[in-house]
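Notes follow the structure.
The values are calculated or read from the model by the stated rules, or taken from the named source; none is laboratory data. For clarity, every value in this text was computed on a predicted model and none was experimentally measured. Every residue, glycine among them, receives a Cβ derived from its backbone with ideal geometry; neighbour counts consider all protein chains shown. The area values use the complete protein model at the heavy-atom level, side chains included, leaving out ligands, DNA and RNA. Shrake-Rupley method; radii C 1.70, N 1.55, O 1.52, S 1.80 Å.
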Amino acid sequence: MNFSRQLKCIGSLTGITLLVACGGNSDPITKELNRHLEVDIQDFDVDKSSLYPGQSLRIEWRSEGAVLFDARLYLSEDRTISNSDIRVIDEECGVEHNDHCHAAREVEFTCDFDSDNYFSCYEDGDNIGAEDLTEYLTQLPFENYLILELCSHGDCETRITRLTFY
């Protein structure tokens, strides 16, 4: 990397746009800067607390801090992530325009609950996760929690909301 390009990247500690110009998610400077940042969930909103077959759920969130992180969406019978939970989404997030979840921008996942008990999630029309909930939904209505987890280099933050399947 030449000296002037290196200065542009180093000078962009607070500007995510310039980090993209420096090579995006794979750029060594982006990775080094990210090591010193924790991921933080600034906004989290779910448009429904109950879901019937044939309905969709909109999940909106925004992160701050780390620019390279993992986003996971779980269905859980309690408020704690465990091995018995259903992981519906597991995405690597970054600063590149084609990432399904993007650092420091509002992200929207849309999840459909189908009559055959499939719970499928999309971002920008791309399917990013689908699970058959037939064995998980032991009875209807079924009360559980929707958990959004963002993790960067071992540091994780979660947001939780109640969701009832009918």
Quick one: 3J(HN,Hα) in Hz for segment 56-71, Karplus 6.51/-1.76/1.60 with θ = phi - 60°, rounded, Gly and Pro as x. 10, 10, 10, 10, 10, 8, 9, 10, 9, x, 4, 9, 10, 7, 9, 10
Starting from the Cα-Cα distance between residue 155 and residue 124, subtract it from 0.36 nm times their residue separation and give me the gain in nm to one decimal. 8.5 nm
Label-point gap, in nm, between residue 166 and residue 64 - each point 7 angstrom along Cα→Cβ: 3.7
For a protection proxy built on the mean count of beta-carbon atoms within 10 angstrom, sort 125-135, 141-151 highest first, please. 141-151, 125-135
Once the whole set of protein chains is in place, how much accessible area is left on residue 35, using a 1.4 Å probe, in Å² to the nearest 10? 140
Assuming R0 = 25 Å, can you tell me the calculated FRET efficiency for the pair residue 42 and residue 134, based on Cβ-Cβ distance, to the nearest 0.05? 0.10
Could you tell me the calculated FRET efficiency between residue 83 and residue 106, based on Cβ-Cβ distance and R0 = 35 angstrom, to the nearest 0.05? 0.65
